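The values are calculated or read from the model by the stated rules, or taken from the named source; none is laboratory data. Remember, predicted model here, so these are calculated numbers, not experimental data. Using ideal geometry, Cβ is built from the backbone for each residue, glycine included, and neighbour counts are taken over all protein chains shown.
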């Protein structure tokens, strides 16, 4: 890892991460920040496994954060003239034309405007979901999906289907397996070939961070496909946790935005003085009341309705590119560091200027039909989620140019090209993006400090 450490940011980043461990020890995570092609800060806290501490190069399951990796690989292939954004996918993959999909383009898929979001439309069991070739056949044959209350939305996040569509297209266009194409065109040129996977090699599975509740769990050899033992739930927050939130650099901003949302009058002064909970803070980024339950279930819940334990070895070794991306924080920060530099890394151009201009331009600005937010989809990336350093703030006019991708568990990786800045946060806290604030707190704090130093 190339290092030109920003000592002030390094110290603060470690303190923020320490504080945000909250009461979830021994779980933890890692944050890595690059600027202008160099690592300027990295911090870790907690245990990734029962006998191993978190490090910048620790491998972790990052759920949909891997979608950004998959998208980046596709952009490299566009830059290599092996793919084109506006060419029908069926021209590379003839079987994909079935059921009205003949004209769907890569641009439409990557901006979540192809109406291919409903995994519930495919009648498959969990064993099939873990079978790459079988799922490619199923997705090629699937119909276009109807969106509930379509007139309200500009996009429909393809939480699972996206990975098979894009991964299958990459295989057809390269005549290589997805793993081989990822290695050849993206991870080897970036020097991270052993730190980024869709389908983890068997000899790497034991190196992946686990949930703390699974540290002592060993599945019997004859155990069938397991289901997830429980869903993460929002725990009651202690006074100490609420006090920790108050010490975060973005707390005053959050308080002001919360007050503005509630339009508090002088008679509601007691509500202003009440400490902000994680739920209130999270709702500054996601409009929970806007979740369309029908679309959300269609996108995330397979027809079998049997949830998969993504941490189970058999699942980690499967290829489910939209959901089981495994990478280290260092690897993700490097990928986005290349994007922060306009597609160039250590003098090598992976993505040319024209391709970069297209991939970074918002394609669908407005509310998404699945995610409870205006995702402002680029080609394979959503907006940089920052409410305190937004484009409306004259001190930070470039934040709206940032983009990246988060995962179901609240992991995230993003870049902001105007600052040549990239950021990756991964962890093994048992939380979700809709009930946690860590990614937002760290994002806001890093941007604020970088700008204060510039």
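Out of (1) touching a strand residue (DSSP E or B) at 6+ places or on another chain (Cβ under 6 Å); (2) closer than 22 Å to residue 352 by Cβ, the odd one out for residue 185 is which?
Checking residue 185 against (1) touching a strand residue (DSSP E or B) at 6+ places or on another chain (Cβ under 6 Å); (2) closer than 22 Å to residue 352 by Cβ, the one that fails is (1).
For region 343-365, what are the residues that are touching a strand residue (DSSP E or B) at 6+ places or on another chain (Cβ under 9 Å) and under 28 Å from residue 152 (Cα atoms)?
The answer is 359, 360, 362, 363, 364, 365.
Can you tell me which residues in region 1-31 are crowded, with 16+ Cβ neighbours inside 10 Å and part of a strand (DSSP E or B)?
Passing the criteria: 29, 30, 31.
Just to check your reading of the model, which residue among 71, 114 is in contact (Cβ under 8 Å) with a residue 40 or more places away in the chain and either surrounded by fewer than 20 Cβ atoms within 10 Å (Cβ to Cβ) or more than 20 Å from residue 369 (Cα to Cα) (or both)?
Exactly one of 71, 114 is in contact (Cβ under 8 Å) with a residue 40 or more places away in the chain and either surrounded by fewer than 20 Cβ atoms within 10 Å (Cβ to Cβ) or more than 20 Å from residue 369 (Cα to Cα) (or both), namely 71.
Does at least one position in region 422-433 carry a residue that is out of contact with any strand residue (DSSP E or B) (no Cβ under 9 Å at 6 or more places or on another chain), assigned to a loop (DSSP other than H, G, I, E, B), modelled with pLDDT under 95 and crowded, with 19+ Cβ neighbours inside 10 Å?
No.
Being part of a loop (DSSP other than H, G, I, E, B), touching a helix residue (DSSP H, G or I) at 6+ places or on another chain (Cβ under 6 Å) and either modelled with pLDDT under 95 or closer than 15 Å to residue 158 by Cβ (or both) is the requirement here; does residue 116 meet it?
Considered against the rule, which asks whether it is part of a loop (DSSP other than H, G, I, E, B), touching a helix residue (DSSP H, G or I) at 6+ places or on another chain (Cβ under 6 Å) and either modelled with pLDDT under 95 or closer than 15 Å to residue 158 by Cβ (or both), residue 116 comes out as yes.
Go through region 118-158 and count every residue that is within 26 Å of residue 290 (Cα to Cα) and either touching a strand residue (DSSP E or B) at 6+ places or on another chain (Cβ under 9 Å) or free of Cβ contacts under 8 Å to residues at least 12 places away in the same chain (or both).
7
Hey, any hits in region 132-146 for a residue that's under 14 Å from residue 369 (Cβ atoms) and crowded, with 17+ Cβ neighbours inside 10 Å?
Among the residues of region 132-146, at least one is under 14 Å from residue 369 (Cβ atoms) and crowded, with 17+ Cβ neighbours inside 10 Å, which makes the answer yes.
If you go through region 98-111 one residue at a time, how many are surrounded by 20 or more Cβ atoms within 10 Å (Cβ to Cβ), within 25 Å of the chain's Cα centre (by Cα) and not in a helix (DSSP H, G or I)?
Here the count works out to 2.
For the structure I just gave you, tell me whether residue 36 is more than 29 Å from residue 310 (Cα to Cα), in contact with a helix residue (DSSP H, G or I) (Cβ under 9 Å, 6 or more places away or on another chain) and surrounded by fewer than 18 Cβ atoms within 10 Å (Cβ to Cβ).
yes
Considering each residue of region 436-448, count those that are part of a helix (DSSP H, G or I) and either closer than 15 Å to residue 283 by Cβ or out of contact with any strand residue (DSSP E or B) (no Cβ under 9 Å at 6 or more places or on another chain) (or both), and give that number.
Looking only at that region, the number is 6.
Restricting attention to region 44-59, does a residue exist that is under 25 Å from residue 418 (Cα atoms) and either without any contact (Cβ under 8 Å) to a residue 40 or more places away in the chain or surrounded by 23 or more Cβ atoms within 10 Å (Cβ to Cβ) (or both)?
Scanning region 44-59 turns up no residue that is under 25 Å from residue 418 (Cα atoms) and either without any contact (Cβ under 8 Å) to a residue 40 or more places away in the chain or surrounded by 23 or more Cβ atoms within 10 Å (Cβ to Cβ) (or both).
I'd like to check which helices (runs of 4 or more DSSP H) are fully inside region 303-396 and have at least 3 residues that are modelled with pLDDT of 95 or more and closer than 29 Å to residue 82 by Cβ.
Passing ranges, in order: 329-340, 353-359.
Among the numbered criteria (1) touching a helix residue (DSSP H, G or I) at 6+ places or on another chain (Cβ under 7 Å); (2) crowded, with 22+ Cβ neighbours inside 10 Å; (3) under 24 Å from residue 293 (Cα atoms), which single criterion is violated by residue 372?
The failed condition is (2).
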